[in-house]
Structure formats: C-alpha cells, structure tokens
1. From the list Val113, Val137, Val175, Val157, exactly one residue is surrounded by 18 or more Cβ atoms within 10 Å (Cβ to Cβ) and closer than 30 Å to Lys34 by Cβ. Which is it?
2. Residues to consider are Ile99, Ile65; find the one that is among the hydrophobic types (A, V, I, L, M, F, W, C), in contact with a Leu (Cβ under 7 Å, 6 or more places away or on another chain) and modelled with pLDDT of 95 or more.
3. Inside the stretch 94-153, can you point out the residues that are of a type in the set (Ser, Thr, Tyr) and over 17 Å from the mean Cα position of the chain (by Cα)?
4. So is Val63 within 30 Å of Gln168 (Cβ to Cβ), touching a residue at least 60 places away in the same chain (Cβ under 8 Å) and open to solvent by less than 60 Å² (accessible area, probe 1.4 Å) or not?
5. Of all residues being touching a residue at least 24 places away in the same chain (Cβ under 8 Å) and in a helix (DSSP H, G or I) in the stretch 43-60, which is surrounded by the fewest Cβ atoms within 10 Å (Cβ to Cβ)? Just the residue, please.
6. Among the residues of the stretch 115-156, which ones are in contact with a Lys or Arg (Cβ under 6 Å, 6 or more places away or on another chain) and under 19 Å from Glu31 (Cβ atoms)?
7. Find all pairs meeting these conditions: Cβ atoms under 6 angstrom apart; at least six residues apart or on different chains; first residue within the stretch 105-118 and farther than 14 Å from Val157 by Cβ and of a type in the set (D, E, K, R); second residue modelled with pLDDT of 95 or more and not in a loop (DSSP other than H, G, I, E, B).
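The values are calculated or read from the model by the stated rules, or taken from the named source; none is laboratory data. What you are looking at is a predicted structure, and each value in this text was computed from that prediction instead of being measured. Here Cβ is always computed from backbone atoms with ideal geometry, including for glycine, and neighbour counts include all displayed protein chains. Note: areas computed on protein heavy atoms with side chains; ligands, DNA, RNA excluded. Shrake-Rupley method; radii C 1.70, N 1.55, O 1.52, S 1.80 Å.
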Amino acid sequence: MKRLISLLLLSVFTLVLCTTRTSSKPTADEETIKKLELEGAKHSGTSDADIAFAKSVFAETFVAIDPLGHVTELTPASMEKMTLGMRKADPDVKVTNEIQDIKVRISGDTAVVTLSGTYNATGHKDTRYDVPNAKYVAANTWQKRSGQWKLLASAAVATGPIPGEVYQLPPPPGVQ
C-alpha cells in the first residue's frame, strides 16, 4: 500500500512538474528570437532592407540547407553580393514567406527554432524559378553573442512534392 501511495505521489509530482514547464510564460529571449524569425520572414526578398536585416542577424558564417538539398555557406558580405546579383539579374521577382508554429528551445546561449511556412516567389524572367505556395518546415540555430542573437544555420525541408525537373535547374540568375 505504501508503495502504491509513493507511486501515486510521484505521478502527481511528475504531472505538476510537466504542466508547470509546458505552461510557463516564454522568456524574453524566446520572445526576441520569435520576433527575429517573424521579421526575417518579412525580409525574404532582395531589397536593401532585406539585405540590411540579414546582415544584422547573420553570424560571421551562416550555413543554409534549402529544400532541394543545396548547402550554402555565406558571410554577411557574400550574402549581400549574392542578393545584389540576384536583384540585378532578375529585378521583378517578388517573394512572400509566411511562417507559423514557431517553437523556440533555448539551452545556454544557443537556441533551436522550428517552424513551418509557405514560400512564394514570382516574377522571374525564367518562370521555371517561380515557386508557388511551397510548404516547408525548418530548423534554425541561433547563438547569443555579446547580448545579440545571431543566426548560425538553417535547414528547410519541403512538405509537399517538388517536381523532379526542379532538381536539374542551374542556380538562379545572379547566384554564382
């Protein structure tokens, strides 16, 4: 009987602990990172404001894996050069990126963020590069440095089918 009561108390304690942890208010850092993610989604294009935002949050080296499996390593300067090249080569491109289901997990000075989204790109001279309503999930890694959160890496996976011919396309105009 004592053993049953001990197990019951342990179960109640575990339930209280789990409920407390899952229902606690987000920390200031979690809120900051969530705002940075939302702001980043607004700056997915090639405008000067988009470049400035990326330069403000990128670490000295940023690694990205896109839904096609391409691995890209960028510095803020190389990202700016690439983005300006894309804008010059294809000035009419319009991009929207809507994200939701943002979950922030912080461990020390590192945060892993998961999210889902819908990405659209239209207006390419070569319409093969237009992307209509591409659904994806992503995991982003942030690190706090001198009080500022910096983006270290991002990996995105398509959650819908990608036409096979897309994998054969060369890099978009302006990307070297």
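1. Val113
2. Going through Ile99, Ile65 in turn, just one is among the hydrophobic types (A, V, I, L, M, F, W, C), in contact with a Leu (Cβ under 7 Å, 6 or more places away or on another chain) and modelled with pLDDT of 95 or more: Ile99.
3. Ser107, Thr122, Thr127, Tyr129, Ser146
4. Values: within 30 Å of Gln168 (Cβ to Cβ): yes; touching a residue at least 60 places away in the same chain (Cβ under 8 Å): yes; open to solvent by less than 60 Å² (accessible area, probe 1.4 Å): yes.
Answer is yes for this residue.
5. Lys55
6. Gln143 - this is the single residue of the stretch 115-156 that is in contact with a Lys or Arg (Cβ under 6 Å, 6 or more places away or on another chain) and under 19 Å from Glu31 (Cβ atoms).
7. Arg105/Val112; Asp109/Gln143; Asp109/Lys144
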